[in-house]
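Accompanying notes for the structure given below.
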Amino acid sequence: MIEEKLQNNIIYEKICFHCGQNCLGSEISLGDKYFCCAGCKTVYEILYQNNLCQYYNIEKNPGNKINKNVSTNNFEFLDDPDVKEKLVSFSDGEYTIATFFISQMHCSSCIWLLENLYKFNSGIIQSQVNFIQKQLTIRYSEKNTSLKKVVELLNSIGYMPELNFSDLVIDERKRESSISKKLYYKIGIAGFCFGNIMLLSFPEYLSFVNNIDTFLRRVFAYVITVLSLPVFFYCSSEYFNSAYKSLKRKVINIDFPLSLGIAVLFLRSLYEILFNMAPGYMDSLAGLVFFLLIGKLFQEKTFETLNFERSYKSYFPVSVTIKKDNKEFSIAASKLQIGDTMIIRNDELVPSDAVLMKGKGYFDYSFVTGESKIIEKQTGDVIYAGGRQKGQAIELEVIKETSQSYLTQLWNQDFSKKNENKLIVLSNVISKYFTIVVLFIAFTASLFWMHYSLSVALNVLTSVLIVACPCALALSTPFTFGNTLRIFGRNKFYLKNTSVVEKLANIDSIVFDKTGTITNSEQSTITFSGRPLSHAEEVLVSSALRNSSHPLSRYIFAQLNTDALIDADYYNEIPGKGIESIIANNKVSIGSKDFVFADALEATDKFNTDKCNNVISEAIDTTVFISINGKNNGFYKISNSYREALEEVINALKNYKLSVLSGDNSGEMIRLKKIFKEASTLLFRQTPEDKLNYISSLQLKGQRILMIGDGLNDAGALLKSDVGISISEDITNFSPACDAILDSTSFSKIGSFLDFSKSNLGIIKLNFIISLLYNIAGLSFAIKGNLSPIVAAVLMPLSSVTAVTFTTLATNFMAKRKGLL
């Protein structure tokens, strides 16, 4: 009977190999592995069959207990097209992207498993985890799998997504960082224990311990020990867990020396109390943990206040043209409402999910998928946010409010692999080896003091482990660049991410596009040369130009101001050349001389080709030629007006190598040479390919290039450059290829932006020096035995807060000097 009870106890204490819960008498096993239920055993078998048991090596018992009540029949509703439409963020009939909220996601094993879903289901192309928001984005092939099968797979391995349709529209404010309640609980418990331990230790502090009864002394010591147990096992558990997980990954993080110091202090004090050798240092232990937690709370509060994560509604300035009462006007995409009618022209981005109401849609979803492929859409089709129209202007009805976070997430997808931040990588490497050096110093110093005093040696070991902190080194770079992003945003200069700041600081050459970049459309004058256009011809020209988002097209369209427009039967816009369209059986060609004349059948009496050649050879302005049904009707002459601050900007950039690329003729050369000086390179009649090749040629010479353009005919050059900035009067033609968006009203501040970026490198270096000096000073006191663990616990988090505060104040100060604040 006794033997049977013992066996039952042994079985009862066995834990599930998958999820870590007690098996509760279960006899489910596989070899030497026990499982609490058939579900956990099934998940293990699935992982084993797919050679994914590495999942269990990253964390111990990392799995989630399987919900037996969820049946695969419950997922039949996911085959319903209406339900699927609410869950997916993109679908072109071939590939679909869906994002799920996975509340069970809790460790690095979860991340590893969820990002290897393609090994379970060949139809899954990619799965990407956002651990902070517990989101999983899956891209899958419609041909090889379905939304239902994807969800069934997630459920089968213990990661059932939350499919609460009332919560599909997530309030982004709920995603903001908040201080964990558990941290407050730990601070409260540690503070309570610390206060009471100090109260019971007063006889020791006041040095009249010999006047106290021995029995009471022992009682006080044991009560102090009991009070220290929740401090050690609960309040400091996060440090031990973090250290343990880092060791399992064969990495030593900053929590390892902290947890080692706490353990040494506790075990040393416990030994002295139990063997009645000394009163121990439980007060120091409780104070140490209490101040560490207070410091952590202060850090989180500080980081939350200075958080540089961009508010998407403020930092993604996409505008869109809407149609209301037969009038077209632009509004911020964030103000779009369900039911609004959007006008999307050629090369413009669709900012919100919508239904195609009018026109033919030809969408490039490379912004979403990374693959450049045109997808044709018909009236009534759903158009997902992130698509770029390639063709005539279309009308769409909004069916879902704009998700600024989704657009920004798409913008930050690193298809070009340009976003490596070398300084952050360097600081992380320093932090990694810093911990190893601290451990070496701690043990070396304690061994030295062993010859003189064991008590001092242990005190030195604990103090060294606690006071040294690489956090200040690790935090200085991201917080400096992060605050810079916020300052730039206030000045209407919007950067994709922090790595762009470092790249801006290292630029040595700047390439400007001309039209729409250094010219001011609002002050340009437009005149027409040639046979005057009839009203019917003006309607044809306006109807063709309405489809284009090119600055020149917009100028002329606004000048004609024709209300009666005709939908194009055919529309094609060739970057760097022009527009060809068929409207009411009339062929309309608009663009450069070579492009328009190539299709011309004959010249009019009043304006023939020879005369045109003579006129254009003398022109000093930008010209746009018009041909209707093969007849050369004339050309529009746009008298370029350069931005008022252009000369000031060029003077501020005198230390850079400057170039100007233009698709127009060379008539502007004399005027541009006066502004850009003789040393600058001026190239005209440049096609998009020419611009791209020019950037490549400069990079081959070792130059670091900043390209500033409008994102239309220079998208390839923007992408190829080290930093690409898109500038525009409005942001309807936002280019995903760019690294930053510059509002045209902030054009005059380009020099200040570059100077400020360089100042940031100096701030980071100075912060590194301050952090290094702090650690040297702290370690020198700790090695000499002149620093108590409690003081070390106060100084350790204080160093991080000091580093963050310094970077914030320093960047704000430099921003004010540059006129950015």
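The values are calculated or read from the model by the stated rules, or taken from the named source; none is laboratory data. Computed from a predicted structure; not experimentally measured. All Cβ positions, glycine included, derive from the backbone under ideal geometry; neighbour counts span all protein chains shown. Side chains are part of the model used for accessible areas, which takes the heavy atoms of the whole protein and leaves out ligands, DNA and RNA. Shrake-Rupley method; radii C 1.70, N 1.55, O 1.52, S 1.80 Å.
Accessible surface computed residue by residue for the stretch 317-401, with neighbouring protein chains in place and a 1.4 Å probe, gives 41 Å² per residue.
Share of carbon and sulfur in the accessible area of the stretch 317-401 stands at 45%, probe radius 1.4 Å. The order of Val467, Val456 by accessible area, most exposed first and with a 1.4 Å probe, is Val456, Val467. At an R0 of 51 angstrom, the distance between the Cβ atoms of Tyr570 and Asn812 translates into a FRET efficiency of 0.40.
Ranked by the mean number of other Cβ atoms within 10 Å of their residues, highest first, the peptides 80-90, 684-694, 657-667 come out as 657-667, 684-694, 80-90.
Apolar share of the accessible surface for the stretch 68-163: 46 percent from carbon plus sulfur atoms, 1.4 Å probe.
Just the accessible area per residue of the stretch 68-163, please: how many Å² with a 1.4 Å probe? Per-residue accessible area for the stretch 68-163 comes out at 45 Å².
Measuring between their Cα centroids, the stretch 656-702 and the stretch 531-550 lie 31 Å from each other.
Extending 7 Å from the Cα toward the beta-carbon at both Val83 and Glu648 defines two label points whose distance is 6.1 nm. Legend: distances between Cα atoms for Lys41/Lys134; Lys358/Lys593; Lys86/Lys323; Lys496/Lys818; Lys86/Lys119; Lys593/Lys749; pairs beyond 30 Å are Lys358/Lys593; Lys593/Lys749.
For the peptides 352-360, 553-561, 458-466, residues were scored by their other Cβ atoms within 10 Å and the scores averaged per peptide; the highest-first order is 458-466, 352-360, 553-561.
Here the peptides 766-776, 95-105 are ranked by packing, the mean other Cβ count within 10 Å, and the order with the highest first is 95-105, 766-776. Using C-alpha pairs below 8 Å separated by at least 6 residues, the relative contact order for the stretch 317-401 is 36 percent.
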